[in-house]
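*Asks:* I'd like to ask some things about the structure below.
The values are calculated or read from the model by the stated rules, or taken from the named source; none is laboratory data. Since this is a predicted model, take the numbers as computed values, not measurements. For neighbour counting, all protein chains shown are included, and Cβ atoms are generated from backbone atoms with ideal geometry for every residue, glycine included. Side chains included, ligands, DNA and RNA excluded: accessible areas come from the protein's heavy atoms. Shrake-Rupley method; radii C 1.70, N 1.55, O 1.52, S 1.80 Å.
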Amino acid sequence: MPQSEPYKRHRPLQKFKYDIEASEGRITAGGSAKEANVDEFPISESMAGVSMRLRPGGLRELHWHAIAAEWAFVIRGNVRTTVIAPNGQAEQADFGPGDVWYFPKGHGHALQCLGPEEAHFVLVFDDGHFSEFGTFSITDWLGHTSPQVLSRNLNLPATAFSSIPKDEAYIVQGRVPPATAEKIRNGGLSENQFPHKFRLLETHPSVFPGGEERLVSSLEFPIQKTLTGVIQDLKPGALRELHWHPNADEWQYYISGQARVTIFGAHGRVATEEFKPGQIAFIKQGFGHFVEQVGNEPTRLLILFNSPVYEEISISEWLAANPPALIADNFGLSAEQVALLPRAGKGIIA
Ligand code: MN
Ligand code: MN
């Protein structure tokens, strides 16, 4: 259908769906990683995602991210992490399904699968130009530094460095760590005063007729200064009502079940896509949108916002925040019809 005159000069909406699990990714002995940054998914300027799997003992080696903080949600399995902050405080912690970690930009960290099963977790970075494959890994650095310098710095003879990896190891197949964590090498370091761990699925949800939602912003998890995370559960047939977010882009990863997402980008532009497990959506800041649950199985999705504070305006809240005559004039509705419109936000509708 030809677009009407006033809308013609606006570009079509960008593609807002990407099938991250269908991509090949990077596979190593200890695990694998599939990523979605601006190269694979151009609309996702503000956030990048990685779906990572580690086999028992699989070690995502010591590394840091120069331009982005790392947020993670564990879907399956168990992971032990270590992280150091610039104030010298260190933390070692274990994560299971439903747990979240947040490593601020530049903080050095490592991840290892505790077994007995493979661990699967979704990482979200607060910069879409970041590449998980271009991060700063310790073997990449030491493998490109002279043995003489390493010998002076690390107290071993230069010959000891002849056997270390010459290029980035990325994910190493290590030994399964003991159930009780070994003490860190410098027993004098103080524990981190702002924990990197938050047990999202252990929190009380906001309950709506059509489902429930668990949210972690910087209010609940102070170290998480750049993102807000949500786990949303939609019952079959549910409708997440029309709304938008004034302060943030929205990044979604479908964990289970299916849904149909429709976005509104002004100038008559709307687009709808269907999502199933392993697919991601990206909705730009301020774009109107709603989610219709699809299928007989409930739908669970992970949502990230690139702001530490959650903001939303829903259609029903907004209409309730105006006088009846104004609403009647705006839509050409009768006073009786306006009286039937909702008087508060509906969240997730059954
Ligand atoms: Mn990392
Ligand atoms: Mn939303």
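*Asks:* Could you give the nm distance between label points at His144 and His204, where each point is 7 Å from its Cα heading toward the beta carbon?
*Replies:* 5.2
*Asks:* Turning to a different aspect of this structure: Just add up the charged neighbours of Glu202: K/R +1, D/E -1, any other residue whose Cβ is under 15 Å from the Cβ of Glu202.
*Replies:* Details: positive: Lys197, Arg199, Arg214; negative: Asp94, Asp99, Glu212, Glu213, Glu220, Asp233.
That sum, taken over residues with Cβ under 15 Å, equals -3.
*Asks:* Please report the carbon-and-sulfur percent of the accessible area for segment 203-349; probe 1.4 Å, protein heavy atoms only, DNA, RNA and ligands left out. Numbers along the way, then the final one.
*Replies:* Values: 3940 of 6810 Å².
Looking at segment 203-349 in its full context, I get 58 percent from C and S.
*Asks:* Hey, in the GNM for the chain with a 10 angstrom Cα cutoff, which one of Ser51, Ser307, Ser334 fluctuates hardest?
*Replies:* Answer for the Gaussian network model of the chain: Ser334.
*Asks:* Counting each DSSP H run of 4 or more residues in the chain as -39500 (n - 2.57), what helix-only mean residue ellipticity at 222 nm follows after dividing by all residues, to the nearest 500 deg cm²/dmol? Let's see the in-between values first.
*Replies:* Numbers: 5 runs with 33 residues, N = 350.
Here the helix-only value at 222 nm equals -2500 deg cm²/dmol.
*Asks:* Can you give me the C-alpha center-to-center distance between segment 192-269 and segment 286-331, rounded to a whole angstrom?
*Replies:* Going from one Cα centre to the other spans 12 Å.
*Asks:* Return a single number: how many Lys pairs in the chain, at a sequence separation of 8 or more or on separate chains, have alpha-carbon atoms below 17 angstrom apart.
*Replies:* So the count works out to 11.
*Asks:* Sticking with this structure for a sec: Nearest 0.05, what FRET efficiency do Asn322 and Glu274 give at R0 = 30 Å with Cβ-Cβ as r?
*Replies:* Numbers: r = 34 Å, r/R0 = 1.12.
Approximately 0.35, to the nearest 0.05.
*Asks:* With springs only between Cα atoms under 10 Å apart, run a GNM on the chain and tell me which of His144, His196, His107 wobbles the most.
*Replies:* It is His144.
*Asks:* Would you please give the FRET efficiency between Ile313 and Gln193, computed as 1/(1 + (r/R0)^6) with r the Cβ-Cβ distance and R0 = 35 Å, to the nearest 0.05?
*Replies:* On the way: r = 36 Å, r/R0 = 1.02.
Between Ile313 and Gln193 the formula returns 0.45.
*Asks:* By how many nm would the segment from Leu333 to Ala181 lengthen if fully extended, with 0.36 nm per residue of separation less the alpha-carbon distance? Kindly include the intermediate steps, with their values, before the conclusion.
*Replies:* Values: separation 152, 0.36 × 152 = 54.72 nm, distance 6.56 nm.
Stretched fully, the Leu333-Ala181 segment lengthens by 48.2 nm.
*Asks:* Once the principal axes of the Cα atoms of segment 17-198 are found, what is the range along each, listed largest first in whole angstroms?
*Replies:* 52, 33, 32
*Asks:* Per residue, how much accessible area does the chain have with a 1.4 Å probe, in Å²? Before the final figure, lay out each step's value.
*Replies:* Numbers: 17450 Å² over 350 residues.
Accessible area per residue: 50 Å².
*Asks:* Taking all protein chains as present, what is the carbon and sulfur share of the accessible area of segment 17-198, in % to the nearest whole number, probe 1.4 Å? Before the final figure, lay out each step's value.
*Replies:* On the way: 4810 of 8530 Å².
Result for segment 17-198: 56 percent of the exposed heavy-atom area is carbon or sulfur.
*Asks:* In the Gaussian network model of the chain, springs joining C-alpha atoms below 10 Å, which of Gly229, Gly268, Gly31 carries the largest mean-square fluctuation?
*Replies:* So, out of Gly229, Gly268, Gly31, the one fluctuating most is Gly268.
*Asks:* What do you get for Rg/Rh over the chain if you use C-alpha atoms and the Kirkwood form of Rh?
*Replies:* Expressed as Rg/Rh, it is 1.05.
*Asks:* Then there is this: Quick check: residue separation of Asp94 and Leu219 times 0.36 nm, minus the Cα distance between them. What number comes out in nm? All intermediate terms of the calculation are to be shown ahead of the outcome.
*Replies:* Values: separation 125, 0.36 × 125 = 45.00 nm, distance 2.25 nm.
Working it through step by step, the gained length comes to 42.8 nm.
*Asks:* Here's another thing I want to ask about it. First select every other residue whose beta carbon is under 12 angstrom from the beta carbon of Gly31; then total the charges, Lys and Arg +1, Asp and Glu -1.
*Replies:* Details: positive: Arg26, Lys34, Arg53, Arg55, Arg60; negative: Glu61, Glu118.
It works out to a net charge of +3.
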